[in-house]
Amino acid sequence: MKTKMIFVDKNVDEENSYAQAVEILKSGEVVAFPTETVYGLGADATNFKAVNKIFEAKGRPADNPLIVHVDSKDAALSYVQKVSSKALQCMDAFWPGALTLILQAKPDTFASNVTANLQTVGIRVPNHPVALTLLKKLQLPLAAPSANTSGKPSPTLAEHVDHDLNGKIPLILDGGATEIGIESTVLDMTSEPPVILRPGNVSKEQIEHVIGTVRTSSGNKGNIPKSPGMKYMHYAPTAPLYLIENEKALIEKAIQYVQQKGKRVAVISETQYPFADFNFPLSMENLYASLRKCDLSDADLILASVECDEKGNDALMNRLEKAADHKWFS
Ligand code: TXA
Ligand code: MG
């Protein structure tokens with residue numbers, strides 16, 4: 001299959017580009033498109049065969065459910081069972097935006113592979129003009145995980161999507177760099193108090209300000225993971241990545257130690273290390289791009305400098321810990 005990439009200006013309605021995307025999606029194929037978090041790989045959420053193409057293109061395990069994207073709160077409400085007042089308050093406060101709500105789906109609304117046969121569905125209204133225009137023109141719920149090969153960093157540029165999925169999907173809508181750079185916060189509204197299953201740009205504090213106490217998922221130590229995707233190692237670059245405390249002398253010593261073994265070292269940090277073989281920036285917006293640049297470099301080992309007091313709490317730290325598989329340099 002030949003992959004076509006078309007540029008869609010964020011602020012201009014390019015009729016023909018959207019018409020192509022809508023036609024492809026309605027014919028049961030997949031299309032990659034930008035959201036404010038990361039690029040998504042979309043398919044008609046009511047069409048089993050179409051959704052299956054997402055799993056095939058990404059190499060995604062079938063027990064990992066997809067997020068459904070809709071253009072409005074009313075559209076979301078039409079697909080789910082009666083929701084709590086807290087869920088409504090979250091929709092009003094954070095949509096369109098980077099908050100996915102887990103709600104009880106109406107039976108037989110979505111293809112069974114969207115929800116991995118769960119009774120619940122993850123749903124959000126994205127805050128990106130291209131995604132919203134596409135959804136308004138499509139008038140169908142759009143199942144869309146991040147548009148990367150499963151296990152690789154999520155794409156924040158159309159080029160990242162092209163790198164992973166060229167030849168496997170018919171169309172990429174290029175809307176430039178995504179603003180936020182990491183995936184949405186996932187909040188399970190089917191528990192009381194609600195539980196953050198995946199941290200993201202919408203913080204626990206912001207949510208608590210609107211609906212009161214929420215819990216943070218302690219991971220998936222039980223038998224049935226609440227958010228199935230969290231059990232998979234994500235965002236991993238090819239070379240081994242180690243976390244290291246953000247302390248100049250410590251990092252310089254580590255660089256020297258690795259280089260003495262004849263290996264090349266990349267540092268992902270807010271600070272530049274002149275003696276490192278490669279330096280890549282560290283922030284929420286460019287973490288994934290930096291991880292991908294590590295893959296394109298010939299670094300043998302990657303160090304990511306982190307503030308230890310952020311350990312385990314914020315969204316950036318959550319992604320870094322996963323990329324490093326919780327390994328610390330010592
Ligand atoms: O920002 C985002 O959320 C991006 C953009 C494209 O919207 N999408 C995204 O999708 O990150 P994905 O598939 O890569 O991550 C979906 C996460 C997974 O951890 C999955 O397990 C969880 O949401 N999830 C989806 N449906 C669920 C459900 N019914 N119950 C629990 N977790 C669910
Ligand atoms: Mg993903």
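The values are calculated or read from the model by the stated rules, or taken from the named source; none is laboratory data. All values derive from a computational prediction rather than experimental measurement. Every residue, glycine among them, receives a Cβ derived from its backbone with ideal geometry; neighbour counts consider all protein chains shown. SASA here: full protein model, heavy atoms, side chains in, ligands and nucleic acids out. Shrake-Rupley method; radii C 1.70, N 1.55, O 1.52, S 1.80 Å.
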> Relative contact order for the stretch 75-143: what is it in percent, counting Cα pairs under 8 Å that are at least 6 residues apart?
Replying inline: 32 percent
> For the stretch 41-193, with every protein chain kept in place, what is the accessible area per residue (1.4 Å probe, Å²)?
Replying inline: 36 Å²
>> Let me check I've understood the local charge: for residue 180, count other residues with C-beta under 14 angstrom from its C-beta, Lys and Arg +1, Asp and Glu -1. What total comes out?
In response: -2
> Counting only protein chains, not ligands or nucleic acids, how are 261, 293, 152 ordered by accessible area (probe 1.4 Å), most first?
Replying inline: 261, 293, 152
>> Tell me which trypsin sites (Lys or Arg not before Pro) from the stretch 68-131 have a DSSP coil assignment and no more than 14 other beta carbons within 10 Å of their own.
In response: 82
> Can you give the relative contact order of the stretch 10-118 as a percent, counting alpha carbon pairs under 8 Å and 6+ residues apart?
Replying inline: 27 percent
> In the chain, what % of DSSP beta bridges are antiparallel (nearest 5)?
Replying inline: 35 percent
>> Take residue 325 and residue 19, extend 7 Å from each Cα along the Cα→Cβ direction, and tell me the distance between the two endpoints in nm.
In response: 5.0 nm
> residue 297 to residue 112: FRET efficiency via 1/(1 + (r/R0)^6), r the Cβ-Cβ distance, R0 41 Å, to the nearest 0.05?
Replying inline: 0.50
> Put +1 on the Cβ of every Lys and Arg and -1 on every Asp and Glu Cβ in the chain; which of 320, 20, 121 then has its Cα farthest towards the positive end of the dipole?
Replying inline: 121
> Where a Cα-Cα gap under 13 Å defines reach, which aspartates and glutamates qualify for residue 253, not counting those fewer than 8 residues away within the same chain?
Replying inline: 245
> Using modelled backbone amide H atoms (1.01 Å from N, in-plane), which distant-in-sequence or interchain residues come within less than 5 Å of residue 304's amide H?
Replying inline: 242, 243, 244, 268
> Among all the lysines, which ones have a C-alpha under 25 Å from residue 4's C-alpha, if same-chain residues fewer than 8 places away are not counted?
Replying inline: 26, 49, 53, 58, 136, 137, 152, 168, 293
>> Apply the Karplus curve 6.51 cos²θ - 1.76 cosθ + 1.60, θ = phi - 60°, to the phi angles in the stretch 100-109 and return the couplings in whole Hz, x for Gly and Pro.
In response: 9, 9, 8, 10, 6, 7, 5, x, 6, 8
> Counting only protein heavy atoms, what percent of the accessible surface of the stretch 254-304 is carbon or sulfur at a 1.4 Å probe?
Replying inline: 49 percent
> Can you give the accessible area of residue 300, probe radius 1.4 Å, in Å² rounded to 10?
Replying inline: 70 Å²
> Cα atoms only, the chain: Rg and Dmax in Å?
Replying inline: 20.0, 62
> Of 328, 95, which has the most accessible area with a 1.4 Å probe, and how do the rest follow in descending order?
Replying inline: 328, 95
> Sequence-distant or interchain residues sharing an amide H contact under 5 Å with residue 171, placed H: which?
Replying inline: 4, 32
> Rounded to the nearest 500 deg cm²/dmol, what is the calculated helix-only ellipticity per residue at 222 nm for the chain, with -39500 (n - 2.57) per DSSP H run of length n ≥ 4?
Replying inline: -8500 deg cm²/dmol
> What is the Cα coordinate range of the stretch 241-324 on the first, second and third principal axes, sorted by size from largest, in whole angstrom?
Replying inline: 35, 27, 19
>> Can you give me the long-range amide H partners of residue 105? Hydrogens built in the peptide plane at 1.01 Å from N, cutoff under 5 Å, separation of 5 or more residues or another chain.
In response: 81, 120, 121
>> Could you give each residue of the stretch 284-290 its phi-based ³J(HN,Hα) in whole Hz, using Karplus coefficients 6.51, -1.76, 1.60 with θ = phi - 60°, and x for Gly or Pro?
In response: 4, 5, 10, 4, 5, 4, 5
> Relative contact order of the chain: what whole-number percent is it, with Cα pairs under 8 angstrom and at least 6 residues apart?
Replying inline: 19 percent
> Tell me, what % of the accessible area of the stretch 4-216 is carbon and sulfur with a 1.4 angstrom probe?
Replying inline: 50 percent
>> What are the ³J(HN,Hα) couplings of the stretch 73-85, residue after residue, when phi is run through the Karplus curve with 6.51, -1.76, 1.60 and θ = phi - 60°? Round to Hz, x for glycine and proline.
In response: 4, 4, 4, 4, 5, 6, 9, 10, 6, 3, 9, 6, 5
